Amino acid sequence: MKLSLALHRPALAYSMTTLGAGMMNSIFNFYYVKLFLNRYKISEGAFHQAQVVFMIWNAINDPLFGYIQDNSKTGFCSIRRHSILYGAPFYALAFLLPWFPWKDYTEGEWLSGVHLLIALCVFDGLLTFVLLAQCALFAEISTRHESRLQLIKYNQIASLLGSSSILFCGLVSDNMENFPSFQTFTVFVAVLSTACMCYTGVFGISQYEQQEKLVESSGKSETSLSWAAVLSLTKQILTQKNFLLFVSMNFFQVFHSTFCSNFMIIFADNLIPKDALPSFVRSIMYGAGFMFPQLLVLSSHSLLSSIGYYKVILYAFYVEAISAVLMLLTGPQHFYILAAFLITNM
């Protein structure tokens, strides 16, 4: 009993960043495409150009910020919780960038393309800075297996709660049809998310941080790996067959999930008539699309322990492929079946 009480606070502190980031990321990824295409009337060329630049920046900023956080001597970079604490307000401000137009855009105006480019790059940069620190904090907050299981459990619950922001945002703003209400809700989410992540920044103290203070007081320092050792380890990892297979699988899975989350509302608007599914039902459908995967993860622990992760992933791909073929044969005229397919396909 004492153990569970001792684990409660660090697990809660860690998962609060997941909650805050989940609320913002879900709304951002789900609505920004529809916003710029349908409301700001961005040109197709500007949209594609912004996506290409964003793709390059997204590939660069992960190792860049990882290197900075691992090698910086300043506290707000080298201490994980400080990176979250000081990065959270800027992360929230970056989240708000797309939802407030810089002017009344005309169709195809170049400024809307610049707006999209800056919004994507700034948001992804701050997201990377904060969540990289959180990922490192997971490894550093405790080395005990039981503690990490608690972290995972709290993190999954926080992820589920964070993904519910799509449901509430849709209900409040009529799926962005009521744009002032949508803007108000995004400001509320930004403030709430900042508070959640700041909680991690204050209370998410890692064991490594405590040990570092002891090392500094004793005057000892750890020796860092040489570049030759780093390159040798990198080469060993990159030549592993399992690593290459996993990265390939992960690429297509992330591509699929990102594509679905960004364009699901576009697909639904074009494939399902508004009179077939009222706005209230659509809001529930969109929310379920983000919450269903989290519920599936939370409820599949016994299955994972009995047959293993590999078979679960393999069978999930089989189900996904079969359901896609069945949906193609069924046709888009069965709207409720199509809605169920969109939900499960997320």
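Quick note: the coordinates plus some simple rules give every number you see, no bench work behind them. This one's a predicted model, so the numbers in the text were calculated from it and none came from an experiment. Note: ideal-geometry Cβ built from the backbone for every residue, glycine included; neighbour counts use all protein chains shown.
Quick one: helix 110-141 against the long Cα principal axis of the chain, what's the angle to the nearest 10°, folded into 0 to 90?
Approximately 40 degrees, to the nearest 10.
Helix 241-271 sits at what angle to the longest principal axis of the chain, using alpha carbons and giving 0 to 90 degrees rounded to 10?
It works out to around 30 degrees.
Hey, what did the stretch 226-346 get for relative contact order, percent, Cα under 8 Å, at least 6 apart?
On the way: 35 pairs, mean separation 46.5, N = 121.
After rounding, I find 38 percent.
Given the options PHE255, PHE36, PHE280, state which has the largest fluctuation in a GNM of the chain using a 10 Å cut-off (strictly under) for Cα springs.
Highest fluctuation among the options: PHE255.
Considering only C-alpha atoms, what is the centroid distance from the stretch 255-281 to the stretch 85-162, in Å?
A separation of 23 Å, based on Cα centres.
Sum up the lysine pairs in the chain that clear both bars: alpha-carbon distance under 25 Å and a spacing of 8 or more or different chains.
The number of close lysine pairs in the chain is 9.
In terms of the Cα gyration tensor, with a ≥ b ≥ c the square roots of its eigenvalues, is the stretch 34-110 rounded because a/c is under 1.5, prolate because a/b exceeds b/c, or oblate?
Values: a/c = 4.46, a/b = 2.03, b/c = 2.19.
Oblate is the answer for the stretch 34-110, as a/c is 1.5 or above yet b/c matches or exceeds a/b.
Quick one: Cα centre-to-centre distance for the stretch 21-59 and the stretch 287-341, in angstrom?
26 Å
Under a Cβ-Cβ cut-off of 13 Å, what is the net charge of the residues other than ARG282 that fall near it, where Lys and Arg count +1 and Asp and Glu count -1? Write down the numbers at each step before the final one.
On the way: positive: LYS34, LYS274; negative: ASP174, GLU177, ASP269, ASP275.
So the surrounding residues net to -2.
Between LYS241 and ILE152, what's the calculated FRET efficiency when r is the beta-carbon distance and R0 is 30 Å? Round to 0.05. Write down the numbers at each step before the final one.
Values: r = 27 Å, r/R0 = 0.91.
Here the calculated transfer efficiency is 0.65.
Between SER257, SER15, SER159, where does the largest GNM mean-square fluctuation fall for the chain, given springs only between Cα atoms within less than 10 Å?
Per the Cα network of the chain with a 10 Å cutoff, SER257 tops the list.
In a GNM of the chain with a 10 Å cut-off on Cα contacts, which of LEU233, LEU271, LEU296 has the highest mean-square fluctuation?
In this elastic network of the chain, the residue with the biggest mean-square fluctuation among LEU233, LEU271, LEU296 is LEU233.
Only one of the values [x] 1.35; [y] 0.93; [z] 0.98 was calculated from this structure for Rg/Rh (Cα atoms, Kirkwood Rh); name its label.
[z]
Can you tell me the 0 to 90 degree angle between the C-alpha axis of helix 2-34 and the longest principal axis of the chain, rounded to 10?
40 degrees
Among PRO278, GLY289, TYR336, which residue has its Cα positioned farthest towards the positive end of the charge dipole of the stretch 226-346, with +1 placed on the Cβ of Lys and Arg, -1 on the Cβ of Asp and Glu, and the dipole taken about the Cα centre?
GLY289
Sort 174-184, 87-97 for me by packing, meaning the mean count of neighbouring Cβ atoms within 10 Å per residue, highest on top.
Details: 174-184: 15.5, 87-97: 21.3.
Put in order of decreasing packing, that is 87-97, 174-184.
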